[in-house]
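The values are calculated or read from the model by the stated rules, or taken from the named source; none is laboratory data. Bear in mind the structure is a predicted one, so any value in this text is a computation, not a measurement. Cβ: placed from backbone, ideal geometry, glycine included. Neighbour counts: every protein chain shown.
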Amino acid sequence: MAFNRPDALRRSLTALAAADLASDTDLFIRIDGPRNEADAEKVAAVREVAKSARGFRSVDVCWSDKNQGLGPSIIQGVERILDFSETVIVLEDDLVVSKGFLRYMNDALRLYADDKRVFSVCGYTNRVDIPEGYTADAYFAPRSSSWGWATWRDRWQSVDWNPSPASLQKNALAFNRWGGSDCAKMLRDWIEGRNRSWAIRFCYSQFLQGKTALFPVRSLVDPSAGFEGDGTNCRRYNRFKFDFDPEGKSVYRFPEKVEEIPSILRSALRYHSLGRRLWSRLMYVFYG
């Protein structure tokens, strides 16, 4: 998914083309339309970068002449792929992936295809505390990440993209306990038209269904480019801390059981605690 940052897209495509299995991968690039005349030249440059993509089994580029916004673009783009594919891996243009990213994603998609408890596979992870003796290269936690992720057609089709105010009112406290102190507010903001997030609705359906998500122990996605100040929904300061693994592995060990380890879960959810969010707001004053 791309928009108006040609340099970011070029970095993202270069890293993706260098990943293991890239030459076996069909790449679909979807470009949103300009919001105004100031965007038009940048969007045109993004289209040229997209058309120059090499290193994949196939490349399909399409774009919208009108601006749809990130949420609608993601939803429509994913649905088009899942019309003919059982699975989809989704990246935005400001994400740089590890060499092992595609291998991890594809292996996980195959392994958990028939296990409906797993709602998504995430390529990004925050820095979490892994217990001594934990041997897997991945762990389970709620609240899917939107920074490099994948899912299956049946999970995607189970999402209710129009949750009601009554549903949120009934489940707000439980939703926050499940995924962090900002969940209910983000969904409420969508209901009341203050954001166009697809991800919070995806996570709300995951919560209602009692599903989990798979994360790597070390991040296979570097989202740093999204915090350079020109991203649509990101600021320069980032409360999320991560350790990027640029090489990845040729073989990934996945958890033997689909279960959330309490100590890892506590560590993962601390990034969404009220205290950390308040500290972030203070940092925004200094960093913008």
Handout entry: Meets criteria (buried (at least 17 other Cβ atoms within 10 Å of the Cβ), closer than 30 Å to Asp107 by Cβ and under 20 Å from the mean Cα position of the chain (by Cα)) for Ser12
Key = yes
Exercise for the section: Could you check, for segment 176-189, whether at least one of its residues is buried (at least 16 other Cβ atoms within 10 Å of the Cβ), in contact with a strand residue (DSSP E or B) (Cβ under 8 Å, 6 or more places away or on another chain) and polar (S, T, N, Q)? Expected result: no
Completion exercise
The condition from (1) among the charged types (D, E, K, R); (2) surrounded by 15 or more Cβ atoms within 10 Å (Cβ to Cβ); (3) assigned to a helix (DSSP H, G or I) that Asp20 misses is numbered (3)
Handout entry: Test: residue in segment 94-104 that is modelled with pLDDT of 95 or more, within 19 Å of Phe202 (Cα to Cα) and in contact with a Phe, Trp or Tyr (Cβ under 6 Å, 6 or more places away or on another chain)
Key = no
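Would you tally the residues in segment 29-46 being in contact with a strand residue (DSSP E or B) (Cβ under 9 Å, 6 or more places away or on another chain) and crowded, with 18+ Cβ neighbours inside 10 Å?
Summing the residues that are in contact with a strand residue (DSSP E or B) (Cβ under 9 Å, 6 or more places away or on another chain) and crowded, with 18+ Cβ neighbours inside 10 Å in segment 29-46 gives 6.
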Completion exercise
Within segment 97-126, residues surrounded by fewer than 21 Cβ atoms within 10 Å (Cβ to Cβ) and among the aliphatic types (A, V, I, L, M) come out as Leu109, Leu111, Ala113
Practice task
Return yes when Ser144 is in contact (Cβ under 8 Å) with a residue 24 or more places away in the chain, among the small types (Gly, Ala, Ser) and part of a strand (DSSP E or B) and no when it is not.
Solution key: no
Problem - Residue list for segment 110-124, filter: over 13 Å from Tyr139 (Cα atoms), of a type in the set (A, V, I, L, M) and not in a loop (DSSP other than H, G, I, E, B) - result: Leu111
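Quick one: how many residues across segment 51-104 are in a loop (DSSP other than H, G, I, E, B), more than 14 Å from Gly123 (Cβ to Cβ) and under 15 Å from the mean Cα position of the chain (by Cα)?
Number satisfying all stated conditions: 1.
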Problem - Gln68, sole failed condition from (1) over 24 Å from Phe244 (Cα atoms); (2) touching a residue at least 40 places away in the same chain (Cβ under 8 Å); (3) of a type outside the set (Gly, Ala, Ser) - result: (2)
